[in-house]
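Undergrad: Sharing a structure with you now.
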Amino acid sequence: MIALEDVTFRYEDMVMRFALAIGAGELAVVFGPSGAGKTTLLNLIAGFDRPDGGRIVIDGRDMAGVPPAERPVTTLFQDHNLFAHLSVEQNVGLGIHPGLKLSAGDRERVAAALEEVGLGGFGKRLPNQLSGGERQRVALARSIVRDRPVLLLDEPFAALGPAQRGRMTALVERLRTDRGLTVMMVSHQLEEARELTGRAVFVQDGTILCEGTIREFLAAPPLPEIADYLG
Ligand SMILES: Nc1ncnc2c1ncn2[C@@H]1O[C@H](COP(=O)(O)OP(=O)(O)OP(=O)(O)O)[C@@H](O)[C@H]1O
């Protein structure tokens, strides 16, 4: 579903180089030190950054020249996901139509997505009338109505407490299995993904240093750098 073939990208003095292949319906947790290039990796896939070399193929299509809005990808960030002056249902509706012109069928899809993330009945509220976790669930509902096969998550739950983070991770996992989504999630807390079946991707100094299953990485970190990082 996602293939990065010798992709290079540079910020002034930092050169990054990524090669990666993720299958349809797979979960990959991307982790590694601050400044390693995790967000850049997601931005390259989403199309917010353009590679200097190499190829990115998503769902069998070369993404060269394809703008973010036309990629089969939706991205959820840590914050800045919602418009403060729009209601919850309007914010979710933006995932279907940027001009808020929603048909009756569209409104049903919005209501169904809000139910799916446990926010049925919250549609008329404004974002400032919600908790941080509820706001991120609204953003997740908007990702759902966009109906793209790839979901990229850049530490979207980092500002939440441990219990809330656990519930959000479980919700993402349910969406992945119910909808067959391919999910890449940046997280500093590999430990919190312990229960998930998926791949761990360790990024350091602008490259993928090592990959394995989440379980293997937690049970026996394959490199001293990873053991150091995990503490
Ligand atoms: N717009 C930019 N201009 C120049 N350098 C940048 C820019 N954005 C990021 N960088 C640099 O690129 C490197 C990788 O940044 P990136 O945000 O991908 O790291 P990260 O692994 O996501 O870090 P964190 O865990 O702290 O969010 C860092 O050294 C950063 O300073």
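Undergrad: Of (1) over 20 Å from V145 (Cβ atoms); (2) open to solvent by 10 Å² or more (accessible area, probe 1.4 Å); (3) within 16 Å of the ligand (Cβ to nearest atom), D62 satisfies all except one. Which?
TA: (3)
Undergrad: Shifting gears a bit: Restricting attention to segment 151-169, report how many residues are under 13 Å from A28 (Cα atoms) and away from the ligand (no atom under 16 Å from the Cβ).
TA: Residues flagged as under 13 Å from A28 (Cα atoms) and away from the ligand (no atom under 16 Å from the Cβ) within segment 151-169 amount to 2.
Undergrad: Related question: Can you tell me which residues in segment 102-125 are out of contact with any helix residue (DSSP H, G or I) (no Cβ under 9 Å at 6 or more places or on another chain) and part of a loop (DSSP other than H, G, I, E, B)?
TA: The one that is out of contact with any helix residue (DSSP H, G or I) (no Cβ under 9 Å at 6 or more places or on another chain) and part of a loop (DSSP other than H, G, I, E, B): S103.
Undergrad: Select from segment 11-47 the residues that are modelled with pLDDT of 95 or more, within 16 Å of the ligand (Cβ to nearest atom) and over 21 Å from C210 (Cβ atoms) and list them in ascending order.
TA: N43, A46, G47
The values are calculated or read from the model by the stated rules, or taken from the named source; none is laboratory data. Keep in mind it's a predicted model, so treat the numbers as computed, not measured. No Cβ is skipped: glycine too gets one built from the backbone with ideal geometry, and neighbour counts run over all protein chains shown. The area values use the complete protein model at the heavy-atom level, side chains included, leaving out ligands, DNA and RNA. Shrake-Rupley method; radii C 1.70, N 1.55, O 1.52, S 1.80 Å.
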